[in-house]
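> Attaching a single structure in C-alpha cells format; questions to follow.
Every number in this text was worked out from the coordinates using simple rules, so none of it is lab data. Remember, predicted model here, so these are calculated numbers, not experimental data. Cβ: placed from backbone, ideal geometry, glycine included. Neighbour counts: every protein chain shown.
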Amino acid sequence: MAMNGRAKKKDIPEGLWLKCPGCEEMVYRKRVEENFHVCPECQYHFKVGARQRIALLADADSFEEYLLNLMSPDPLEFVDRKSYVERLADAQRQTNLYDAAVVGRAYIKGRPVILGVLDPNFIMGSMGSVVGEKITVAAEKATELGVPLVICSASGGARMMEGILSLAQMSKTSAAVARLARAGGLFISVMTNPTTAGVAASFASLGDIIIAEPRAMIGFTGPRVIYQTMKQELPEGFQTAEFMMEHGFVDRIVARSNLRSEIAALIDYFGK
Amino acid sequence: MARLYLEFEKPFTKLEEQIRELEEKQRRDGIDASAEIRDIRKSLIVMVRKQYAALSPWEIVQIARHPDRPQTVDYIEAFVKDFKEIRGDRLFRDDRAVVCGLGMIAGERVMIVGHRKGHDTREKVECFFGCAHPEGYRKAMRCMRLAEKFNLPVVAFIDTQGAYPGIGAEERGIAEAIAVNLREMSILRTPIVGAIIGEGASGGYLGIGVADRLLMLEYAYCSVITPEGCAAILWRTAEKAPQAAEALKLTAPDLKAFGVIDDIVPEPLGAAHRNPREMAVTLERRIGRYLRELKQIPVEDLLAQRYAKLRRVGVTIEAASGSSAGSA
C-alpha cells in the first residue's frame, strides 16, 4: 500500500509520475509536491492529507495537537456491505490517523492560532463524533485563549455510519462557533476540495471570513441526487468554489501557495 | 375515501370490517350486538398491540410517512388557537415547505415554525413534499428572531425527508441557511420546544431542530439521512432501504438512548393516523407542559443548559496510549 488512499486509483501509476485529474497530463510527482501539491501545468489543487495540510500552513514544528488519541467505538455497531469497524481500521492504516480531524495550537507566520484540519482520505473526511468533538474543542480553545480559529474543511459531510450522532455534530460544532463569535473571536473557514453536505451546512459556512481553494467542490446536496430530482442538466461549473463565490457564499478564492500569507494578513487586519 | 392500509395493518381490516357490519346491523335491525362488538374490539386491540410491539425500523418509517398521518398544519388546526401565519423570508420569496406563525398552545402565546408536507397532490407539489429551500429556513429564522425579541417561546414541528435537492437551493445557499439556523438557534434567547412528528431526516430537519426540549412521537423516525439515501450510497441501491433503516438506529427509543431527544410522546393504538384527535390532545398537553417548565428557567441558565445538551451528544473513546493509528 502506498502512502495514502489516492494511490489506490488505478489510473494513477505509483512512483515518479502522477496523472493530474485537472488537465490529465502526466506530471512529475516531486514537482507537484514541491508546488504545494498543486499541478504546475494547470494549477489543479490535489487533495492533501491532514498532516500535509498542517505542514503547509503552520510554522515549522509549531503544532501542538489536542485529543490525539480520540477515536470512534462504533456506537451503532454499523454494518453495510462492510462493517464500520473495518472501514475505520482501513482508514487508520491508510492515513495514520485515528479519525478524520486533527486539531491543535499552532503558529501561522508567527501568529498564534487554533488550527483544525480535516483529512479527505479518512472516510471522505466525514464528520462523526470524533470530528465533531475535535472541532468543538478547537472552537472552545480559541474562545478560551482568545486566539483566531482556522479550520480547513475537506469533507463529504456527516458520517452515515454513526447515524444521528453524526448529524448531531452539526449543531454541536455550530453552537461552539456561536460562542466563539459571541466572545468576539475570529474564525477563518477554509473550504478545500470537497466541502459538502453536513460540514458545509454547519461550521464551515460560519466563518467570519470564508476562503476557498480554486475549483474546490462546495455544496450541500450531491450533484447526482440533484440531477435525479430535477432531471435537468446542471450548469457549467456548478458547486465549484468559483460558482459559490459568484452566488455570494465564498469571500475569497486563494491559491494554496498564498494561503499562509493570506491568513496571516487577515488576522492582522482584524487585530487578533 | 378508501383508507390506505400498510402491509402489517391488513390483518386488522377484517376485524374492523366485522365491527362496522355489526354496528350497521344494530342500527338497521335494532338488535343488540354490543357484547359481540366488544369481544371483537378486544381481540383487535390485542392484535394491534402485538403487531405494533414487533414493528421493524423500516415499518416504523412507513408509519412515519403514512399519507393519513397528521402533519404540522393538522396539529395547528387541532390545537393552535388564533393562528396568524407569517409569510416570506423578506429576501427572496415565501417557501410553502415551511409554515410559520403566531398562535396559542395550551394557553401560551408562541411562535410556530414547522415543515409542511401537504396531503393532496396539488398541495404536495406546492410545498415540495416538505423539502424546504433556503428561503424556508430563512423565513423560520426571521420568525424565531421575532419571537426572541418579544419573548415568545418557539415551537417547532419537524417532518421532512431533508432540504430540497435542487439547483436553486444550491445557488441561494442552502448549506449557509441551515448552518446559520444551527448557530442562531443555539443562542436564541427564548425557549424552544421541538417535536419530531413524522420524518426527521438530514440537515433539513436539523435546520429547525435545535431545541431545549426535543420530543419525538412514538412512531416518528429521525436519521442523518433517509434510509433510501443511505442505502443508495452505502449499499449502492435504494432497495436496501429496510437494511439501512435497521442499521441507522432511527427509532424513538434509539434516539432517546443516544441523548438526542428528551421525551417520547406515546401514540394512540395503531399510531397517530388511526386516531389523529387523540394524538393531537396528547401532543398539545406534552408541549404545554414543557412550555410551562421552560418559562421558569432564567434565560442565561436556559442557554447554558442548551449548550450542555448539544455539547454532550456523541460517543468517543481514547485509543490505548502508545498504539499508533497505523497499527490499529
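> Specify the angular offset, from 0 to 90 degrees and rounded to the nearest 10, of the alpha carbon long axis of helix B:174-186 from the longest principal axis of the alpha carbons in chain B.
Helix B:174-186 sits roughly 90 degrees off the main axis of chain B.
> Inside 10 Å of the C-beta atoms of B:303-315, what's the mean count of C-beta atoms belonging to other chains?
Details: counts 4, 0, 0, 2, 5, 1, 3, 11, 9, 2, 10, 15, 11.
Shielding by partners across B:303-315 averages 6.
> Using a Gaussian network model of chain B whose springs link C-alpha atoms within less than 10 Å, name the residue from B:35, B:54, B:179 with the highest mean-square fluctuation.
Evaluated over chain B, the most mobile residue of the options is B:35.
> Let me ask another. Please work out, to two decimal places, the log10 of the ratio I(q)/I(0) at q = 0.05, 0.07, 0.08 Å⁻¹ from a Debye calculation in which every Cα of the protein assembly as shown carries one identical scatterer.
-0.23, -0.44, -0.57
> Nearest 5 is fine: what % of DSSP beta bridges in the protein assembly as shown come out antiparallel, could you say? The partial results should precede the final answer.
Details: 32 of 71 bridges.
Beta bridges within the protein assembly as shown, antiparallel portion: roughly 45 percent.
> List the cysteines of chain B that have no other Cys Cβ closer than 4.7 Å: which are they?
Lone cysteines by the Cβ rule: B:127, B:131, B:222, B:230.
> Within the range B:1-112, count lysine pairs with alpha carbon atoms under 28 angstrom apart where the residues are 8 or more positions apart or belong to different chains.
Numbers: B:10/B:25; B:10/B:42; B:10/B:50; B:14/B:25; B:14/B:42; B:14/B:50; B:25/B:42; B:42/B:50.
Going through the range B:1-112 pair by pair, I get 8.
> Order of A:37, B:115 from fewest to most other C-beta atoms within 10 Å?
On the way: A:37 18, B:115 31.
In increasing order of surrounding Cβ atoms, one gets A:37, B:115.
> Return the FRET efficiency for the residue pair residue A:231, residue A:56: r is the Cβ-Cβ distance, R0 is 51 Å, and the value is rounded to the nearest 0.05. Present the calculation step by step, with values, prior to reporting the outcome.
Details: r = 41 Å, r/R0 = 0.81.
Efficiency computed from Cβ-Cβ geometry: 0.80.
> Going by the alpha-carbon gyration tensor, a ≥ b ≥ c the square roots of its eigenvalues, is the range B:61-315 rounded (a/c under 1.5) or, if a/c is not under 1.5, prolate (a/b greater than b/c) versus oblate? Show your work: numbers first, answer last.
Details: a/c = 1.27, a/b = 1.18, b/c = 1.08.
Verdict is rounded for the range B:61-315.
> OK, next. In peptide A:221-231, what is the residue-averaged number of other protein chain Cβ atoms found within 10 Å of each Cβ? Spell out each step's value before the answer.
Values: counts 14, 3, 3, 3, 6, 6, 2, 2, 7, 5, 0.
Taking all residues of A:221-231 together, the mean is 5.
> Indicate the helices, whole DSSP H runs only, in chain A that combine a mean Kyte-Doolittle hydropathy of 0.5 or more with a Cα extent along their long axis of 18 angstrom or more. Please report the intermediate quantities before stating the final value.
Values: long enough: A:129-145 (23 Å, 0.32); A:163-182 (30 Å, 0.56).
TM-like helix candidates: A:163-182.
> Could you work out which residue, out of B:202, B:34, B:186, moves most in a Gaussian network model of chain B, that is, has the largest mean-square fluctuation with Cα springs under 10 Å?
Highest fluctuation among the options: B:34.
> Which length gain, in nm to one decimal place, applies between residue B:124 and residue B:246 when the Cα-Cα distance is subtracted from 0.36 nm times their residue separation? Walk me through the intermediate numbers first.
Working: separation 122, 0.36 × 122 = 43.92 nm, distance 2.80 nm.
In short, 41.1 nm is gained.
> Let me know the whole percent of all Cα-Cα pairs from the range B:14-54 that are separated by more than 16 Å. Walk me through the numbers on the way to the answer.
Details: 309 of 820 pairs.
The answer is 38 percent, as a whole percent.
> Can you give the % of DSSP beta bridges in the range B:57-186 that are antiparallel, to the nearest 5? Spell out each step's value before the answer.
On the way: 12 of 16 bridges.
Approximately 75 percent, going by the DSSP bridge assignments.
> Hey, what angle do you get for helix B:276-295 against the long axis of chain B, alpha-carbon based, 0 to 90 degrees rounded to 10?
Orientation of helix B:276-295: about 30 degrees from the principal axis.
> Right, something else. Quick one: helix B:10-29 against the long Cα principal axis of chain B, what's the angle to the nearest 10°, folded into 0 to 90?
50 degrees
> Same structure again: How would you rank A:221, B:226, B:190, going from fewest to most other Cβ atoms within 10 Å of each one's own Cβ? Write out the running numbers ahead of the final one.
Working: A:221 28, B:226 25, B:190 21.
Going from least to most buried by this count: B:190, B:226, A:221.
> If you don't mind, another one. What distance in nm lies between label points placed 7 Å from Cα along the C-beta direction at residue A:90 and residue A:43?
The modelled label-to-label distance comes out at 3.6 nm.
> What does the C-alpha gyration tensor say about the overall shape of chain A? Classify as rounded when a/c is under 1.5, otherwise prolate if a/b is larger than b/c, or oblate. If you can, show how the numbers build up before the last one.
Numbers: a/c = 1.24, a/b = 1.10, b/c = 1.13.
Taking the square roots of the gyration eigenvalues as a ≥ b ≥ c, chain A is rounded.
> Based on the mean of other beta carbon atoms within 10 Å per residue, what is the order of A:238-247, B:284-293, most packed first?
Numbers: A:238-247: 19.4, B:284-293: 17.3.
The most tightly packed comes first, giving A:238-247, B:284-293.
> Also: Can you pull the one-decimal nm distance between simple spin-label points at residue B:289 and residue B:277, each 7 Å off the Cα toward Cβ?
With each label point 7 Å from Cα toward Cβ, the separation is 2.3 nm.
> Here's a follow-up. Based only on other Cβ atoms within 10 Å, what is the fewest-to-most ordering of B:5, A:269, B:307, B:75?
Values: B:5 13, A:269 10, B:307 17, B:75 25.
Arranged by neighbour count, lowest to highest, B:5, A:269, B:307, B:75 become A:269, B:5, B:307, B:75.
> Starting from 0.36 nm per residue, how many nanometres of slack lie between residue B:149 and residue B:87 once their C-alpha separation is accounted for?
Details: separation 62, 0.36 × 62 = 22.32 nm, distance 1.79 nm.
The residue B:149-residue B:87 span can extend by a further 20.5 nm.
> Hey, rough spin-label estimate for residue B:24 and residue A:257, points 7 angstrom out along Cα→Cβ, what's it come to in nanometres?
8.4 nm
> Using a Gaussian network for chain B with springs between C-alpha atoms less than 10 Å apart, which of these wobbles most: B:139, B:256, B:50?
B:50
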